[in-house]
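Peer 1: Questions regarding the structure given below will be posed in turn.
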Amino acid sequence: MAEANSTAPWNRLLDEARERFEAAEDFTVSIEEEFSLLDPETLDLVNRFEDVQAAAKGTALEPNLVGELIASEVEIKVGKQASFADVPAAIADRRAELAALLERLGLAFGATGTHPWAHWRDQRIIDTPHYRRNDELLQYVVWRNNTFGIHTHVAIRGADRAVRVTSALRNWLPELLAVSASSPFHEGVDTGLHSARTQVFTRAFPRCGVPDPLQSWDEHAEYVRFLYETGSVDEHTQLWWSVRPHLAFPTVEIRICDAQPDVGEAQSLAALMVSLTARCARALDEGEALPVQPPRLIEENMWRAIRYGLSGDLLDLERGDVLPARARIERLIEWVLPVADEIGATPWLRLPEQNAAERQIARRAEGASLEEIYAEQVRTTVPAPG
């Protein structure tokens with residue numbers, strides 16, 4: 001390992017991040033949703049992000065709208081919310097604001113984990129220093145990443161505690177993916193997967209997927225420091241783990257989930273992710289034993305979630321049982337309920353009869369075209385008025 005340099009900027013970054021975690025207010029929340037920008041007639045992806053960004057200037061949406069890799073994508077943030085109780089309305093409001101903005105530009109938007117037929121060669125990476133650098137570093141890996149997700153940020157007080165919450169959340173990443181799976185079609189192919197997005201992104205990017213379990217901030221900082229000192233990264237966001245402590249905010253960020261076409265399901269998924277994060281923190285506070293599974297075992301469940309989503313089975317890694325994914329997730333919801341009540345998430349905790357991947361696969365089996373199926377998903381992205 002390169003010799004440590006106490007004056008290096010990454011050491012300052014780590015010190016400041018630790019201070020923010022120590023001062024954080026537990027369980028404030030933000031949600032980020034990635035949407036595809038579409039031609040409203042053909043539903044093809046369109047490279048119009050810069051137009052959307054310009055149109056947002058001076059509106060309520062401006063501080064909550066950012067670019068995300070390709071010019072046919074936009075990310076919308078709900079902003080920091082004091083508790084989960086404020087999140088569902090914020091998700092609906094942001095989607096409605098985006099819909100109104102895009103309508104003025106003659107555009108639409110979608111929210112499945114992949115676009116069903118668009119090809120990566122037709123997408124343009126946006127011209128920012130961050131994405132130019134990722135383009136330079138990752139080449140084909142980043143060019144192929146035309147995917148869309150939903151991320152949660154939950155503030156956790158205490159740097160060591162945040163790292164331990166991150167390690168606990170690793171165990172349930174496959175369950176969250178199974179609930180959220182929405183991307184069975186990619187580049188015109190019926191992939192046979194429920195989450196092609198995860199296969200395209202998580203299986204391709206470096207420093208991605210299920211992280212090792214860590215138990216202290218010092219362990220995490222040592223690894224981040226190693227990456228900087230060896231020239232492996234030059235931005236902290238180049239740790240693309242499916243769950244991570246975020247160094248710019250005092251939050252634990254869950255990044256595993258496919259984007260949600262249905263606004264109600266986005267709200268419900270956010271409730272589960274936030275409740276699970278808070279439940280892990282409470283368990284640590286109360287001395288409740290939490291499993292520490294090795295990545296190789298979690299990856300077995302991850303593959304099951306990618307391939308079969310909510311329709312398949314998942315492993316109970318503690319008992320060695322194989323259970324329907326729905327049963328695993330129902331157990332998980334039962335476990336998080338005490339904290340869900342506390343943070344106002346319980347009314348939103350529910351499993352859909354079918355998730356987005358299952359709906360699309362069923363319609364394909366009935367003979368519907370990719371265009372018809374995608375149009376049905378797009379119609380659910382904006383909440384009904386009133």
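Peer 1: Examine region 337-357 for a residue that is basic (K, R) and at pLDDT 95 or above, and state whether such a residue exists.
Peer 2: There is no residue in region 337-357 that is basic (K, R) and at pLDDT 95 or above.
Peer 1: Of the conditions (1) within 21 Å of the chain's Cα centre (by Cα); (2) at positive phi, I306 satisfies every one except a single condition; which number is it?
Peer 2: Against the list (1) within 21 Å of the chain's Cα centre (by Cα); (2) at positive phi, I306 comes up short only on (2).
Peer 1: Hey, can you tell me all the residues within region 221-244 that are over 25 Å from N171 (Cβ atoms) and of a type in the set (G, A, S)?
Peer 2: If the condition is that a residue be over 25 Å from N171 (Cβ atoms) and of a type in the set (G, A, S), then G231, S232 are the ones that fit.
Peer 1: Turning to a different aspect of this structure: What are the pairs, 6+ residues apart or on separate chains, where a residue within region 296-325 that is touching a residue at least 60 places away in the same chain (Cβ under 8 Å) has its Cβ under 8 Å from a residue that is surrounded by fewer than 24 Cβ atoms within 10 Å (Cβ to Cβ) and aromatic (F, W, Y)?
Peer 2: A325/Y308
Peer 1: Can you confirm whether G79 is within 16 Å of the chain's Cα centre (by Cα), part of a loop (DSSP other than H, G, I, E, B), among the small types (G, A, S) and closer than 23 Å to T147 by Cα?
Peer 2: Yes; evaluated as a whole, the condition is true for this residue.
Peer 1: Somewhere in region 235-244, is a residue of a type outside the set (V, I, T) and either surrounded by 22 or more Cβ atoms within 10 Å (Cβ to Cβ) or within 15 Å of R304 (Cβ to Cβ) (or both)?
Peer 2: So far as region 235-244 goes, yes, one or more of its residues are of a type outside the set (V, I, T) and either surrounded by 22 or more Cβ atoms within 10 Å (Cβ to Cβ) or within 15 Å of R304 (Cβ to Cβ) (or both).
Results for (1) in a helix (DSSP H, G or I); (2) at pLDDT below 95; (3) in contact with a Ser or Thr (Cβ under 7 Å, 6 or more places away or on another chain); (4) surrounded by fewer than 16 Cβ atoms within 10 Å (Cβ to Cβ), shown as yes or no for each residue.
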| position | (1), (2), (3), (4) |
| --- | --- |
| S72 | no, no, yes, no |
| P88 | yes, no, no, no |
| R95 | yes, no, yes, no |
| L102 | yes, no, no, no |
| A118 | no, no, no, no |
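Peer 1: Out of curiosity, is E353 in a helix (DSSP H, G or I), surrounded by fewer than 15 Cβ atoms within 10 Å (Cβ to Cβ) and not hydrophobic (A, V, I, L, M, F, W, C)?
Peer 2: Here the answer is no, as E353 does not meet what is asked.
Peer 1: What residue, among those in region 135-154 that are of a type in the set (A, V, I, L, M, F, W, C) and surrounded by fewer than 24 Cβ atoms within 10 Å (Cβ to Cβ), is farthest from L323 (Cα to Cα)?
Peer 2: Step by step, filter region 135-154, then rank; the result is L137.
Peer 1: How many residues does region 28-46 contain that are within 13 Å of L102 (Cα to Cα) and in contact with a Lys or Arg (Cβ under 6 Å, 6 or more places away or on another chain)?
Peer 2: Selection size over region 28-46: 1.
Peer 1: Just need a number here: residues in region 329-350 that are in contact with a helix residue (DSSP H, G or I) (Cβ under 6 Å, 6 or more places away or on another chain) and outside any loop (DSSP other than H, G, I, E, B).
Peer 2: 8
Peer 1: In the set T237, T202, T198, which member is polar (S, T, N, Q) and in contact with a strand residue (DSSP E or B) (Cβ under 7 Å, 6 or more places away or on another chain)?
Peer 2: That would be T202, the only listed residue that is polar (S, T, N, Q) and in contact with a strand residue (DSSP E or B) (Cβ under 7 Å, 6 or more places away or on another chain).
Peer 1: To continue, here is another question. Within region 10-22, can one find any residue that is among the hydrophobic types (A, V, I, L, M, F, W, C) and either surrounded by fewer than 16 Cβ atoms within 10 Å (Cβ to Cβ) or farther than 30 Å from H220 by Cβ (or both)?
Peer 2: The answer is no; no qualifying residue exists.
Peer 1: Right, another one. Would you point out which residue out of E25, E33 is of a type in the set (D, E) and crowded, with 18+ Cβ neighbours inside 10 Å?
Peer 2: Of E25, E33, the one residue that is of a type in the set (D, E) and crowded, with 18+ Cβ neighbours inside 10 Å is E33.
Per-residue answers, yes or no, for (1) in contact (Cβ under 8 Å) with a residue 60 or more places away in the chain; (2) surrounded by fewer than 20 Cβ atoms within 10 Å (Cβ to Cβ); (3) among the β-branched types (V, I, T); (4) touching a helix residue (DSSP H, G or I) at 6+ places or on another chain (Cβ under 7 Å):
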position	(1), (2), (3), (4)
P40	yes, yes, no, no
L43	yes, no, no, yes
E50	yes, yes, no, no
A54	no, yes, no, no
K57	no, yes, no, no
A108	yes, no, no, yes
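Peer 1: Filter region 203-256 down to the residues that are assigned to a helix (DSSP H, G or I) and not hydrophobic (A, V, I, L, M, F, W, C) and list them by number.
Peer 2: Result: D218, E219, H220, E222, Y223, R225, Y228, E229, H236, T237, Q238.
Peer 1: Across region 134-193, which residue is nearest to the chain's Cα centre (by Cα) among those that are part of a loop (DSSP other than H, G, I, E, B) and within 25 Å of S268 (Cα to Cα)?
Peer 2: The extreme case among them is F148.
Peer 1: Another question about this same structure. Within region 295-313, identify whether any single residue is in a strand (DSSP E or B) and either crowded, with 19+ Cβ neighbours inside 10 Å or touching a Leu at 6+ places or on another chain (Cβ under 8 Å) (or both), and answer yes or no.
Peer 2: Yes, there is a match, as at least one residue in region 295-313 is in a strand (DSSP E or B) and either crowded, with 19+ Cβ neighbours inside 10 Å or touching a Leu at 6+ places or on another chain (Cβ under 8 Å) (or both).
Peer 1: Shifting gears a bit: Since G320 meets every condition but one in (1) at pLDDT 95 or above; (2) at positive phi, which condition does it not meet?
Peer 2: Exception for G320: condition (1).
The values are calculated or read from the model by the stated rules, or taken from the named source; none is laboratory data. Please read all numbers here as calculations on a predicted model, not as lab measurements. Every residue, glycine among them, receives a Cβ derived from its backbone with ideal geometry; neighbour counts consider all protein chains shown.
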